Amino acid sequence: MSADPTTTSRQPAGRRSHPRRGGAAQIPAAVCLATTELLAEQPLAKLTVSGILARSGVSKTSFYYHFASKEAVVASLVEQIAEELDAQVAALPSREFGAREAIRGALSAGFGLWDAHRPVLLVVQAAARAPSPLGTIWQTLVEERYVRPFAERARSAQAAGRLAAECDPLALSRALHWMTEHALYAHIAGLDRTPPDVTAEALAHVWTTSLVGAPAGAPAD
C-alpha cells in the first residue's frame, strides 16, 4: 500500500502529540514512536501518513524527507529491533558453538524483545505471510543477518567434524531460525499459551541437539 498523500497534521481530539524536541534529529524518532503507538490501535491497512503526522506533530515535508512511506517507517522499526536484539546477544557471555546456555540466553532475549515490540512485529508477521514489500524486507533481513551467517558457522563446524546434524548447514540454519520465529509469533499472537521460558527451553534443546548432539548421559533413541 502506498503512503497516504494527504497533508492533514491536525491533532485529533484526545490524542497526544510528540513535540519535535531537539530539532530535525528527533523527527525520525518521533515518527517511529507515533507509528508504534498507532499500530497498537489499528492494523497497517488502516494506518495513514496523515495519522502519523497528527500523532507525532511532524510536518508532511519533514516526514517525506526521512521516509518514503508508512511501510518505510515500519522497516526502520524492524531494523531498530534487530539492532536491539544483536546488542543483547552480544552482551551475553561468550560461549563455544552450540553451547546450550548461550542459545538459551539468546532465545530469552528474543522472547523479551518480541513482547516489547509486539504491535510492530505482529504487523511484520502478517506481511511476511503474503507477498508484500514489507514481507520481503523482513525475510531478507532474517536471511542475511541471521540465517546465512549462522549457516557459515555451522559449515565450519561440519568441516571440523563438530556438527551433529548430517544435513546441509544452510538448510539447517533456515529450519532452526524459521522454527524459532514461528514460536515467537505464536507467543505474541496468543496462539500458544505456553510460558515463554518453557518454550525457550524446548527450543534450546532442539537447537543444541541439532548442532552438537544430545548431552552426555542422555538416553539413546
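The values are calculated or read from the model by the stated rules, or taken from the named source; none is laboratory data. Please read these numbers as outputs of a predicted model, since none were measured by experiment. Ideal geometry is used to build each Cβ from the backbone, glycine not excepted, and the neighbour counts take in all protein chains shown.
Couple of notes before you dig in:
- Among the candidates R155, R148, the residue that is surrounded by fewer than 19 Cβ atoms within 10 Å (Cβ to Cβ) and touching a Pro at 6+ places or on another chain (Cβ under 7 Å) is uniquely R155.
- Identity of the residue in region 100-136, part of a loop (DSSP other than H, G, I, E, B) and touching an Asp or Glu at 6+ places or on another chain (Cβ under 9 Å), that ends up modelled with the lowest pLDDT: S132
- Single unsatisfied condition, Q139 versus (1) farther than 20 Å from L77 by Cα; (2) modelled with pLDDT under 95; (3) in a helix (DSSP H, G or I): (1)
- Meets criteria (surrounded by 19 or more Cβ atoms within 10 Å (Cβ to Cβ) and in a helix (DSSP H, G or I)) for V89: no
- Taking the listed residues A102, A75, A128, the one that is assigned by TED's automatic domain parsing to the domain that holds T208, touching a residue at least 12 places away in the same chain (Cβ under 8 Å) and crowded, with 17+ Cβ neighbours inside 10 Å is A75, with no other qualifying.
- Taken together, A109, A189, A171 contain a single residue that is over 16 Å from the mean Cα position of the chain (by Cα), among the hydrophobic types (A, V, I, L, M, F, W, C) and farther than 25 Å from S69 by Cα, which is A171.
This table checks each residue for (1) touching a helix residue (DSSP H, G or I) at 6+ places or on another chain (Cβ under 7 Å); (2) of a type outside the set (A, V, I, L, M, F, W, C); (3) not in a loop (DSSP other than H, G, I, E, B).
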residue	(1), (2), (3)
E96	no, yes, no
T180	yes, yes, yes
A183	yes, no, yes
L191	no, no, no
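- Annotation: of all residues in region 181-203 being in contact with a Ser or Thr (Cβ under 9 Å, 6 or more places away or on another chain) and closer than 19 Å to A99 by Cβ, the one that is surrounded by the most Cβ atoms within 10 Å (Cβ to Cβ) is A200.
- Residues of region 161-180 classified as more than 16 Å from T209 (Cβ to Cβ) and surrounded by fewer than 16 Cβ atoms within 10 Å (Cβ to Cβ), total: 4
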